[in-house]
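Written out below as structure tokens is the structure these notes cover.
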Amino acid sequence: MAATPSTMIPLGTDMPGFALTNAVSGKLVRSSEHTSGKKAIVVMFICNHCPYVKHVRAELAKLARDYAPKGVAFFAISSNDINKYPDDGPEMMKREAAEAGYTFPYLFDEDQSIAKVYRAACTPDFFIFNAKGKLHYRGQLDSSRPGSGIPVTGKDVREALDLALRNGFPPERQMPSIGCNIKWKPGNEPEYAR
């Protein structure tokens, strides 16, 4: 498994909007309809087959259970090429959401345009926006990796969310996520991922 880091786009970047199909419900989800009045928004790029995501899937579900009641919106997006990686397709996404206990929309970015606009590079890749829709945090869930022996706690994302909810200041320490690279369709790989 090749380890690819986050691109770490600038803090303060405006949250790109999206309208993507939720693999669980089959309905179109518009970010604008689910972020108004929220205290923070978490957008995470994940997929089904990646060992880095499998390693943290229980914590992703727990994060949403812990923070959604506090006014945080959660979205998961899968952007992988399903021709080469059929396990990441919508039917399998629906199954994965049920098995993992995901309570948030699990969205399919079929043309990979949303991954590009976020400059997402790996799975998992996390972006947290504040109540004004400005980038507050980007990077890792925590320091745990498959085989590292470090427990999965969600420490970095939890600290970023706590700060967003408390005073709005972004965490000073922000470490890139590490994971499998997004599986780009042939000829669709963005320049930042080369």
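Each value in this text was obtained by applying a stated rule to the coordinates, not by laboratory testing. Fair warning: this is a prediction, and the values are worked out from it, not measured in the lab. Glycine gets a Cβ as well: all are built from the backbone with ideal geometry, and neighbour counts include every protein chain shown.
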> Which net charge results for the neighbourhood of SER6, defined as the other residues with beta-carbon distances under 10 angstrom from its beta-carbon, given Lys and Arg at +1 and Asp and Glu at -1?
Replying inline: +1
> Rounded to the nearest 5, what is the percent of antiparallel bridges among the DSSP beta bridges in the chain?
Replying inline: 70
> Using a 4.7 Å Cβ cut-off, which Cys residues in the chain lack a partner cysteine?
Replying inline: CYS47, CYS122
> How large is Rg over Rh for segment 65-135, taking Rg from the Cα atoms and Rh as the Kirkwood inverse mean of 1/r across Cα pairs?
Replying inline: 0.98
>> Restricting to DSSP loop positions (anything but H, G, I, E, B) with no more than 11 other Cβ atoms inside 10 Å of their own Cβ, which trypsin sites (Lys or Arg not before Pro) remain in segment 31-85?
In response: LYS84
>> Run lengths n ≥ 4 of DSSP H only: what is the helix-derived mean residue ellipticity at 222 nm for the chain, with -39500 (n - 2.57) per run over all residues, to the nearest 500?
In response: -8000 deg cm²/dmol
>> Could you compute the net charge surrounding CYS122? Neighbours are other residues with a C-beta less than 13 Å from the C-beta of CYS122; K and R count +1, D and E count -1.
In response: +3
>> For a quick check, take a GNM of the chain with Cα springs below 10 Å and name the residue from ILE182, ILE128, ILE82 with the largest mean-square fluctuation.
In response: ILE82
> Points 7 angstrom from Cα along the Cβ direction at LEU165 and MET8: gap in nanometres?
Replying inline: 2.7
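Show me the three semi-axes of the equivalent ellipsoid for the chain, from the C-alpha gyration tensor (sqrt of 5 times each eigenvalue), largest first, rounded to whole Å.
22, 19, 17
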